[in-house]
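Nothing in this text is a laboratory measurement; each read-out follows from the coordinates by a stated rule. What you see is a predicted model; the values in this text were computed from it and never measured. We place every Cβ from the backbone using ideal geometry, glycine too, and count neighbours over all the protein chains shown.
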Amino acid sequence: MRAFEFLYKDFERGLTVVLDKGLPPKYVEDYLKVCGDYIDFVKFGWGTSAVINRDVIKEKINYYKDWDIKVYPGGTLFEYAYVKGKFDEFLDECGKLGFEAVEISDGSSDISLEKRKNAIGKAKDNGFVVLTEVGKKLPEKDKELTIEDRVKLINFDLDAGADYVIIEGRESGKGIGLFDKDGKVKEDELNVLAKNVDINKIIFEAPQKNQQVAFILKFGSSVNLANIAFDEVISLETLRRGLRGDTFGKI
Amino acid sequence: MRAFEFLYKDFERGLTVVLDKGLPPKYVEDYLKVCGDYIDFVKFGWGTSAVINRDVIKEKINYYKDWDIKVYPGGTLFEYAYVKGKFDEFLDECGKLGFEAVEISDGSSDISLEKRKNAIGKAKDNGFVVLTEVGKKLPEKDKELTIEDRVKLINFDLDAGADYVIIEGRESGKGIGLFDKDGKVKEDELNVLAKNVDINKIIFEAPQKNQQVAFILKFGSSVNLANIAFDEVISLETLRRGLRGDTFGKI
Amino acid sequence: MRAFEFLYKDFERGLTVVLDKGLPPKYVEDYLKVCGDYIDFVKFGWGTSAVINRDVIKEKINYYKDWDIKVYPGGTLFEYAYVKGKFDEFLDECGKLGFEAVEISDGSSDISLEKRKNAIGKAKDNGFVVLTEVGKKLPEKDKELTIEDRVKLINFDLDAGADYVIIEGRESGKGIGLFDKDGKVKEDELNVLAKNVDINKIIFEAPQKNQQVAFILKFGSSVNLANIAFDEVISLETLRRGLRGDTFGKI
């Protein structure tokens with residue numbers, strides 16, 4: 001039972017995707033006692049999975065599974081394997097390690113739409129939840145994408161069978177995707193996006209608190225958010241419920 | 001026994017109040033072996049207490065008690081309960097969970113002075129240490145308060161029976177209270193404040209290192225500081241003792 | 001065995017020096033299961049060692065030793081002891097606690113070259129690995145040092161027997177040493193330095209990701225980096241291997 005239960009009120013919580021960039025295994029077990037109820041997916045960021053002992057990876061995934069949390073390796077690892085022609089080995093290894101989802105992206109490489117579609121399909125056929133990502137890792141490349149390009153790619157991915165599409169924000173949340181160089185949300189572009197896609201299928205990377213607040217105030221507590229730092233999950237939950245100054249009385 | 005004991009010199013340490021925004025329970029037990037001697041109060045930030053399992057809350061409070069540390073829920077949770085007319089239930093639940101202090105604030109809501117005074121009194125009557133907070137959460141509202149307003153409210157709270165008064169700085173320490181938009185201390189206002197209140201009853205929220213340094217260099221190691229990140233407690237202790245470059249040779 | 005082993009390719013990894021500013025002991029044990037293979041030295045930052053229980057210090061050093069990691073107390077503690085005339089007691093205590101290296105610096109104090117040389121020699125004679133540091137803690141003092149001064153001091157220290165020389169960057173990495181006020185690497189000065197010293201003996205403090213990326217892209221994965229935050233070790237390893245967007249395809 002939750003503390004201060006008498007203050008609880010019903011609300012619809014959006015998906016929360018946490019960035020794990022190398023948490024220690026026993027720490028994860030302990031951590032989930034506090035946060036486990038509020039996490040839907042965990043991403044082992046970019047290629048971090050490939051530098052960690054496989055028993056540790058499996059142990060961590062098992063702790064997450066105990067709380068019904070699905071784990072996936074970052075899109076950069078998919079790309080690294082894909083450009084080396086090792087996509088089959090990649091999917092096989094994901095399965096063996098216990099990952100239940102994969103991310104298909106082209107943030108660091110160029111992959112044709114045809115190949116992207118096939119990759120999404122193959123990952124689905126292998127039983128994975130598929131998240132794709134739209135956006136480039138390098139700000140100078142990312143800004144070549146117009147909001148119309150992004151909308152088109154989002155709908156392409158969903159048509160190809162992706163379960164969710166993530167809007168790139170990186171760990172910093174600055175000068176990338178829908179964020180200006182100070183990390184502020186570009187309202188105009190966000191409005192275009194919201195009008196042209198199914199918002200329930202979109203997950204916004206929003207590493208900074210002011211970004212989480214902006215999305216919650218715009219779309220409500222049901223907005224899907226990703227790249228949440230592991231130690232900001234409880235804060236995010238309070239923002240979604242109006243239990244922090246920034247959203248107090250506004251939810 | 002402390003390492004490098006022969007380097008120790010006597011000094012008067014001010015209060016240290018740590019912000020805990022959802023640390024895992026076993027981690028807290030482990031953490032206190034390093035930091036336990038240097039913490040006086042722990043605040044479970046804003047409404048975080050209301051989204052965590054009550055057994056976990058109790059377990060954590062017990063670990064803190066083992067080191068004579070008093071725990072209290074953030075003022076925002078008090079306000080959330082108060083505006084819903086649930087102040088009695090709030091105090092009752094705080095007692096049951098093991099909290100030994102409460103924070104009375106109006107950072108996110110408007111509470112009349114009369115009601116504020118009564119709330120302080122009732123909390124004291126129920127056996128809690130009472131900390132109040134002066135300042136508003138939203139920068140645009142906070143800056144309507146002059147330094148004279150703050151002084152008046154501080155003394156009002158102390159007259160009403162508050163044990164300590166906290167000067168709002170938020171987690172960020174920017175554009176709020178005594179801090180300008182870059183987080184620098186406003187010297188003029190600080191001087192007015194220091195001249196008109198009992199500094200031993202004041203606790204300054206000072207989340208950033210440069211702020212901790214500024215307060216220590218101005219008031220000495222005995223200054224009371226709050227909103228210290230959990231992983232900055234050891235750093236703060238070295239600042240108070242001149243064991244870090246910023247205060248080396250100046251204490 | 002590492003996960004995704006089939007993606008591994010050979011490379012030469014430079015030294016990684018981690019800043020530990022007070023991690024809890026059991027956490028360290030757990031943490032090393034993830035990061036232990038990628039750390040060469042751990043610095044207990046500035047004077048933090050002197051405010052922590054000696055049994056905790058010993059316990060932590062032992063966990064690090066299990067992974068062949070050498071631990072040393074921050075240079076500021078050496079300086080604090082040295083200016084008090086307690087250098088012998090300092091070395092003795094370092095040995096008793098299990099430290100295998102020491103840092104000789106003058107970031108917060110003035111120590112003559114003659115004395116610096118003797119301190120390096122004495123620490124070596126006592127069996128310690130010796131790291132020295134070049135740079136001042138306060139930006140206004142540090143900027144009085146020209147790059148030529150730094151080069152001269154680096155070579156002086158190496159001639160005096162130092163094993164490695166660390167280039168000051170502090171925890172912040174801003175407005176200090178080779179970094180401008182925004183934390184960008186000053187290319188000109190770095191080039192002068194690289195031309196005039198043995199780069200294999202240099203360890204660059206590079207707390208920020210963009211700094212780690214800059215050094216890796218300039219000198220390759222074999223560059224030695226220090227003041228790495230404990231939770232950025234896995235990220236750094238992926239940067240060294242081209243497994244993160246910033247260095248993907250460039251290594």
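Report, in debye and to the nearest 20, how large the dipole of the protein assembly as shown comes out about its Cα centre when Lys and Arg carry +1 and Asp and Glu carry -1 on their Cβ.
Values: 117 positive and 135 negative charges, 61 e Å.
Dipole magnitude for the protein assembly as shown comes out near 300 debye.
Report the far tail of the P(r) of region B:116-251, meaning the percent of Cα-Cα pairs longer than 25 Å.
Of all Cα-Cα pairs in region B:116-251, 27 percent lie more than 25 Å apart.
If you add up the charges near residue A:220, with Lys and Arg at +1 and Asp and Glu at -1, over every other residue whose beta carbon is less than 11 angstrom from its beta carbon, what do you get?
+3
Give me C:146, B:76 ranked fewest to most by other Cβ atoms within 10 Å of their Cβ, as a rough exposure proxy.
Starting with the residue having the fewest Cβ neighbours, the order is C:146, B:76.
So how far, in whole Å, is the C-alpha centre of region B:128-150 from the one of region B:171-233?
14
Please compute one quarter of the surface area of the Cα convex hull for chain B and express it in square nanometres.
The number I arrive at for chain B is 13.3 nm².
Roughly how crowded by other chains is peptide C:172-180, in terms of the mean Cβ count from those chains within 10 Å of each of its Cβ atoms?
For peptide C:172-180, the averaged partner shielding equals 0.
Using a label point 7 angstrom from Cα along Cα-to-C-beta, what distances in nm, from shortest up, separate residue A:85 from the other copies?
Those label-point separations list as 7.4, 7.4 nm.
Would you mind computing the Rg to Rh ratio of the protein assembly as shown from its alpha-carbon coordinates, Kirkwood style for Rh?
A ratio of 0.96.
List the trypsin sites (Lys or Arg not before Pro) within region B:32-121 that fall in a DSSP loop (any state other than H, G, I, E or B) and whose Cβ has at most 15 other Cβ atoms within 10 Å.
Passing both the DSSP loop test and the Cβ count: B:84.
Going down the table (B:181/C:218; A:137/C:43; A:33/A:58; A:65/C:26; A:218/B:136), which pairs top 28 Å between alpha carbons? Numbers along the way, then the final one.
Details: B:181/C:218 36 Å; A:137/C:43 32 Å; A:33/A:58 19 Å; A:65/C:26 24 Å; A:218/B:136 23 Å.
Check vs 28 Å cut-off fails for B:181/C:218; A:137/C:43.
Within a 10 angstrom radius of each residue's Cβ in C:230-241, how many Cβ atoms of other chains show up on average? Whole number is fine. Before the final figure, lay out the partial values.
Values: counts 2, 7, 2, 3, 12, 8, 1, 6, 13, 2, 1, 4.
The shielding value for this peptide is 5.
If we count every other residue with Cβ under 10 angstrom of residue B:80's Cβ, Lys/Arg +1 and Asp/Glu -1, where does the sum land?
Local net charge: +3.
Hey, which aspartates and glutamates would be in cross-link range of residue A:70, C-alpha to C-alpha under 14 Å, not counting anything within fewer than 8 residues on its own chain?
A:20, A:37, A:40, A:59, A:100, A:103, A:163
Over all directions, how big on average is the projection of the convex hull of the alpha-carbon atoms in region A:38-83, in square nanometres?
Orientation-averaged projected area of the Cα hull: 3.2 nm².
Within 10 Å of each candidate Cβ there may be at most 16 other Cβ atoms; applying that plus a DSSP loop requirement, which trypsin sites (Lys or Arg not before Pro) in region A:211-251 survive?
Counting only loop positions with at most 16 other Cβ atoms within 10 Å, the trypsin sites (Lys or Arg not before Pro) in region A:211-251 are A:250.
Cβ under 13 Å from residue A:18's Cβ, residue A:18 left aside: what net charge do those residues give with Lys, Arg +1 and Asp, Glu -1?
Local charge sum for residue A:18: -4.
Copy-to-copy spacing for residue C:113, label 7 Å out on the Cα-to-C-beta vector, in nm, shortest first?
Values, ascending and in nm: 6.8, 6.8.
Taking each residue of C:40-48 in turn, how many C-beta atoms of other protein chains fall within 10 Å of its C-beta, and what is the average?
4
Run the dipole for chain B about the Cα centre, Lys and Arg Cβ at +1, Asp and Glu Cβ at -1, nothing else charged, and hand back the magnitude in debye, nearest 20.
About 320 debye.
Look at the axis of the rotation that sends chain A onto chain B, then give the chain A residue with the nearest Cβ and the distance in whole Å.
Looking at chain A's Cβ atoms against the axis toward B, the nearest is A:27, 4.
How high is the relative contact order of region A:11-241, in percent, with contacts defined as C-alpha pairs under 8 Å that are six or more residues apart?
In percent, rounded to a whole number, it is 21.
Magnitude of the Cβ-charge dipole of region B:1-149, K/R +1 and D/E -1, about the Cα centre, nearest 20 debye?
I would put it at about 260 debye.
Can you list, shortest first in nanometers, how far residue C:53 lies from the same residue in the other copies, with each label 7 Å from Cα toward Cβ?
2.7, 2.7
Have a look at the DSSP beta bridges in region C:97-251 and tell me what percent are antiparallel, nearest 5.
Looking only at bridges with both residues in region C:97-251, the antiparallel portion is about 15 percent.
Taking a virtual spin label 7 Å from the Cα of residue B:180 along the C-beta vector, which residues in region B:210-224 bring their backbone nitrogen under 15 Å of it?
Only B:211 fall inside the zone, counting backbone N under 15 Å.
Need one word for region B:1-76: rounded, prolate or oblate. Basis is the Cα gyration tensor (sqrt eigenvalues a ≥ b ≥ c); a/c below 1.5 gives rounded, then a/b vs b/c decides.
prolate
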